[in-house]
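Input: one structure, supplied below.
The values are calculated or read from the model by the stated rules, or taken from the named source; none is laboratory data. Everything numeric in this text was worked out from a predicted model, so none of it was measured. So basically every Cβ, Gly included, is an ideal-geometry build from the backbone, and we count neighbours across all protein chains shown. Heads up: the accessible areas ignore ligands, DNA and RNA and are worked out on the full protein's heavy atoms, side chains in. Shrake-Rupley method; radii C 1.70, N 1.55, O 1.52, S 1.80 Å.
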Amino acid sequence: MEIDNPTSDWANRWRHPDVYLQRSGPYAVEGYMPGDELTEFIHSDDCKILVVGAGGLGCELLKNLALMGFKDIHVIDMDTIDVSNLNRQFLFRYKDVGKSKAEVASEFIMNRVSGCKVTPFFGKIQDKDEEYYSQFSIIICGLDSVEARRWMNATIIGMYDEEDPSTMKPIVDGGTEGFKGQSRVIIPRNTACYECSLDMQTKPVTFPICTIANTPRLPEHCIQYASLLLWPKSFPETKIDGDDPDHISWLFSEATKRADEFGIRGVTRTLTMGVVKNIIPAIASTNAIVAAATANEAFKLATSCAPIVNNYMMYVGDEGLYTYTFPLEKKPDCPVCGTESVKITISGGWKLQELIDLLLERPGTQLKRPSLRTSTKSLYMQSPKMLEEATRPNLEKLCSELFSSGDTVVVTDANLPISLQLVITFE
Amino acid sequence: MLNIMSIKKKNAADAAAGGRSPKTSATKIRLQKDMDDLSNIPKTMTVSFPNPDDLFNFSLTITPDDGFYKGGVFRFSFKIKEGYPHEAPKVLCTQKIYHPNIDLEGNVCLNILREDWKPVLNINSVMIGLQYIFLEPNPDDPLNKEAAVVLNTNRTLFVQNVNKSMRGGIIGGVSYDNVLQ
């Protein structure tokens, strides 16, 4: 095929995805409007999408999304390329070691997929505010930590204002761990969110501290003996940095002594680093499977050309092969999506007690013993006793002394699973 | 069904509305709920906050009303991180005490603080667990091995050692903190 102008679309370039965008069918989503307008939308900057993470999943996601016809992709990653990434993160080469993942990945995709614009951000997700995230239609996550996912989830769901549909940003989240993985879609306040499913997350492998202290049997026990018990005694002021070779050397040497004492084999420098940093083995093809499923969901979400996953697909490849898709349920007491956001206007001259009385009378919430906090301050806490006593004097203070107009006050109640986020404006 | 194309068009008009106040993190909301769950804790436990605005750092005092440790006042520090409740709270005994499940640095061997921690547990569960190891010290999961051996082999001596240690005495060359008030 000859291509005159590599930045424009050549004939038949999008023939395959267009099959789905140009015609409807019996299983099409209600209200689906196939045609040129939809095709143009996908290729336009009206359909701007964000890929969070440019690592194992991120490389696959960027490749898939660009090849499906998304042309305005942003990518955010705080990491630089390490030699150990090159075995699977195929957008990077040896010469790129030390450079930003987001920047190198963007450049690679733009060189390879003509007409696709990828905008990198080399930094933390926390560096960006709601204004940044609000420019995207869909947020696609290929992250490796619970912490980053929780932050992203809480931010995107917090942005959603039910009165303004444009603030609704679906999240498609992929994750892998060895031969296992998952892909899910989160529709703010409609489906379960990441926080709802926190109980399901695999937690870091931990061993009983008494085993570590007294009856080690595994090399991991010896390494944790060094990191948990010896380190804090020897360097009480310093936190272990898993990326500091001196720290790893010290731990490795102490763990080796411990292992020799108990006749345990298998303590290596690599294992020491693995245990200290809680490194989970990454399998390139699991990333490919999960990223492919995740990218397809993003495409279906963007176009409505077919129903999306409802709402969680797990891929279990470490015990034979098993996949299961199920609708994960919302948790009523979820601190992120079980939180009702309410805007109220009061007089700044009100005492805090008057605000609480108003909440107690508010129909539909059935608050009995509300505790109130701003993001930084305990306004009034019902318990424990010491907190109640410390915050009781605030009841007689004026709201305007305690917080500012426009602040969000979180209200919880032992009798209620949900919490309220009151956005309070003073008259 | 959500229609991204129609949403997006509306969005162009409302661009950059933003600017709402900072959100409280999920961890903080969860901690606030955990505090609400501490209204009926037993009289043998008190919680105190060096800074009432900071729910991430507080201390717990346990005064067992029964068992080997009756009469003692035991203090623990709680440090919660942003990873909570995915990660367990970090709990340390701030005194040097003679207990089979607590070492001389204050590390506590309590299953729900490490291998059996789950996000459905909360601060209350941990406090109840800590109180329990004073009522029923467990010599089978020792952190202070010497104390565990004594509890297993010579109960009378264990009672004497506990009483001596709580007064600030020396056992096996180790000087313990006085925990009687």
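Under the rule a/c < 1.5 gives rounded, and otherwise a/b versus b/c splits prolate from oblate, where does segment A:209-277 land using the Cα gyration tensor?
Verdict is oblate for segment A:209-277.
Quick one: of the DSSP bridges fully inside the protein assembly as shown, what percent are antiparallel, nearest 5?
Percent antiparallel among DSSP bridges in the protein assembly as shown is about 65.
When a/c reaches 1.5 or more, the comparison of a/b and b/c decides; with that in mind, is chain B rounded, prolate or oblate per its Cα gyration tensor?
Here chain B falls in the prolate category.
Given the C-alpha centroids of segment A:200-272 and segment B:142-181, what is the distance between them in whole angstrom?
28 Å
Also, I was wondering about something else. Using protein heavy atoms only (no ligands, DNA or RNA), what is the total accessible area buried between B and A, 1.4 Å probe, nearest 100 Å²?
The contact between A and B buries close to 5600 Å².
Relative contact order of chain A, please, whole-number percent, based on alpha carbon pairs below 8 angstrom and at least 6 residues apart.
14 percent
Further question: How large, in percent, is the carbon and sulfur part of the accessible surface of chain B at a probe radius of 1.4 Å?
51 percent
Moving on. Once you sort the root eigenvalues of the Cα gyration tensor of the protein assembly as shown as a ≥ b ≥ c, which label holds: rounded (a/c under 1.5), prolate (a/b larger than b/c) or oblate (the other case)?
It comes out oblate by the Cα gyration axes.
Also, quick follow-up: Cα centroid distance between segment A:365-402 and segment B:87-117, in Å?
If you average the Cα positions of each part, the centres end up 31 Å apart.
Next question, about the same structure. What is the magnitude of the charge dipole of chain A about its Cα centre, with +1 placed on the Cβ of each Lys and Arg, -1 on the Cβ of each Asp and Glu, and no other charges, expressed in debye to the nearest 20?
For this selection, approximately 1140 debye.
For the protein assembly as shown, what is the accessible area per residue in Å² when the probe is 1.4 Å?
46 Å²
Taking the Cβ of A:Lys101 as the center, what net charge do the other residues with Cβ under 9 Å away carry, scoring Lys and Arg +1 and Asp and Glu -1?
-3
Continuing with the same structure: Rounding to the nearest 20 debye, state how big the charge dipole of segment A:179-234 is about its Cα centre with +1 on each Lys and Arg Cβ and -1 on each Asp and Glu Cβ.
It works out to roughly 60 debye.
Ranked by accessible surface with a 1.4 Å probe, highest first, in what order do A:Ile280, A:Ile109 come?
A:Ile280, A:Ile109
Same structure again: Sequence neighbours fewer than 8 away in the same chain don't count; with that in mind, list the aspartates and glutamates whose C-alpha is under 20 Å from B:Lys70.
Straight-line reach from B:Lys70, under 20 Å: B:Asp103, B:Glu136, B:Asp177.
Now, a different point. Magnitude of the Cβ-charge dipole of segment B:138-181, K/R +1 and D/E -1, about the Cα centre, nearest 20 debye?
It works out to roughly 200 debye.
Based on alpha-carbon centroids, what's the gap between segment A:74-102 and segment A:135-188 in Å, whole number please?
23 Å
Right, next: For segment A:274-362, with all protein chains present and a 1.4 Å probe, just round the carbon and sulfur fraction of the accessible area to a whole percent.
It is 55 percent, rounded to a whole number.
A further question follows. Among the listed pairs A:Lys385/B:Lys33; B:Lys43/B:Lys96; A:Lys180/A:Lys257; B:Lys23/B:Lys43, give every one whose C-alpha distance is greater than 25 Å.
Over 25 Å apart, Cα to Cα: A:Lys180/A:Lys257; B:Lys23/B:Lys43.
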